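Colleague: Please find one structure pasted underneath; my questions will follow.
The values are calculated or read from the model by the stated rules, or taken from the named source; none is laboratory data. In this text the structure is predicted, and so the values were computed from the model without any measurement. In this analysis, Cβ positions are derived from the backbone assuming ideal geometry, glycine residues included, and neighbour counts consider all displayed protein chains. SASA here: full protein model, heavy atoms, side chains in, ligands and nucleic acids out. Shrake-Rupley method; radii C 1.70, N 1.55, O 1.52, S 1.80 Å.
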Amino acid sequence: MTTARVRPMPEAELAAWGVARSADGVPLPEPYGDDEHEAVTVEVDGVDVGGAVLAYAEDAGGVRCLVRVLQTTVPRDATEVWTAIATAFEQHARGRGATTLATAVAPELTSAFGRAGFQATMISAGGTLDPDTAPELQVDRTVAVREMAVEERPHFVDDAREVLVTGMAGAGMVDPASNRLEELEARLARLTDDPLPEGELLLTATVGGEPVGSAWATLVPNGDALDYYGHTMFLYPEHRGRGLSKSFLGALVRHAEGLGVADVHVRVYGRDQWARESFIRETTTIDDVHLRKDLR
């Protein structure tokens, strides 16, 4: 039977790890605000196999432990070993008084962490924009998209805030009462500016001229093309269940293609069944899966 353990990383080992990561262009993260960081060594069957950086923060009356960095030599298909590692993180976090534990892993590891009781809360996905890969999205052109009018933006900001905060809280990324939302609030506030800040894209989905949904993304130059980083995309509640999802996606694909978008990156929260079933399945590949376990 595989056994795993997580223990505090010695200072010398942490310093060497930090130097190596910086040399590779991926330095260890700095603590955010009042977060407390802890570097740990991951041990399997008595052998050191890697390290991790844990972040602790107050969260809804408890303490959230977030695995910010996890670097090991363990193969991704070693399911039993990864399940033992996930359990070791849980035991360590409990010992530190954590009430929730969250992390993000490659899709191949979700089964192992699932066996340890973790549940998926968010999916990060991406792919190259190629309308030919999903021609069925262009069959029904009932939905069109247009730039969002200035007078529509305040209502959109309210809707987007609710969608994003609910999703981020459920994914274990943030406590709605924490100051981590200051950056999000600042970005949302700027969406009411006229003109929009450079790179921001706000779209309204319509059917026969009637608004039925909205989308928000940031466009980032990438050589001669643009990368699309989607933040929100939703049909309004009264227009769900009408079979508009594929048509909405098709309209977004056409619009993005016209803008010169090359790659698309999105986050889909675990409770958003519409997005999971419609977007992930049709247009993208999964990059990583965010997981969470309640330790109370």
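Colleague: Under the 0.36 nm per residue contour assumption, what length would be gained going from the current alpha-carbon distance of Asp159 and Leu196 to full extension?
Modeller: Extending this stretch completely gives an extra 11.5 nm.
Colleague: Follow-up. Quick one: grab Rg to one decimal and Dmax as a whole number for the chain, Cα atoms only, in Å.
Modeller: In order Rg, Dmax, the Cα atoms of the chain give 21.1, 66 Å.
Colleague: Take the Cα gyration tensor of the stretch 1-145, multiply each eigenvalue by 5, square-root it, and list the three semi-axes largest first, rounded to whole angstrom. Can you show the working numbers first?
Modeller: Working: eigenvalues 219, 71, 67 Å².
In descending order, the three semi-axes are 33, 19, 18 Å.
Colleague: Taking H placed 1.01 Å from N in the peptide plane, check which residues at least 5 places from Leu28 or on another chain put their amide H under 5 Å from its amide H.
Modeller: Residues meeting the amide H criterion: Ser22.
Colleague: Another question about this same structure. Using a 1.4 Å probe, what is the accessible area per residue for the chain, in Å²?
Modeller: In whole numbers, the chain has 49 Å² accessible per residue.
Colleague: Run through the DSSP bridge list for the chain and note the antiparallel percent, rounded to the nearest 5.
Modeller: So the antiparallel bridges in the chain amount to around 90 percent.
Colleague: Extension gain Val47-Val220, at 0.36 nm per residue separation less the Cα-Cα distance, in nm?
Modeller: Residue separation times 0.36 nm, minus the Cα-Cα distance, leaves 58.0 nm.
Colleague: Follow-up. Which order do you get for Arg64, Arg254, Arg115 if you rank them by accessible area with a 1.4 Å probe, largest at the top?
Modeller: Ranking Arg64, Arg254, Arg115 by accessible area, largest first, yields Arg115, Arg254, Arg64.
Colleague: If you bin the C-alpha pair distances of the stretch 29-101 every 10 Å from 0, what whole percents do you get?
Modeller: Taking all Cα pairs of the stretch 29-101, the binned fractions are 19, 50, 26, 6 percent.
Colleague: Report Thr99's accessible area, 1.4 Å probe, all protein chains in place, as a number in Å² to the nearest 10.
Modeller: 30 Å²
Colleague: Using each residue's phi in the stretch 151-163, evaluate 6.51 cos²θ - 1.76 cosθ + 1.60 at θ = phi - 60° and report the 3J(HN,Hα) Karplus result to the nearest Hz, with x for Gly and Pro.
Modeller: So the Karplus estimates, Gly and Pro as x, are 5, 7, 5, x, 5, 4, 4, 4, 5, 5, 4, 5, 4 Hz.
Colleague: Of all the accessible heavy-atom surface of the chain, with the other protein chains kept in place and a 1.4 Å probe, what percent is carbon and sulfur? Kindly include the intermediate steps, with their values, before the conclusion.
Modeller: On the way: 7390 of 14590 Å².
Here carbon and sulfur together make up 51 percent of the probe-accessible area.
Colleague: Among Asp34, Asp77, Asp224, which one moves the most in a GNM of the chain with springs linking Cα atoms closer than 10 Å?
Modeller: Taking springs between Cα atoms under 10 Å, the residue moving most is Asp224.
Colleague: Between Arg146 and Thr73, what is the label-to-label distance in nm when each label sits 7 Å out along the Cα-to-Cβ direction?
Modeller: For Arg146 paired with Thr73, the spin-label model returns 6.1 nm.
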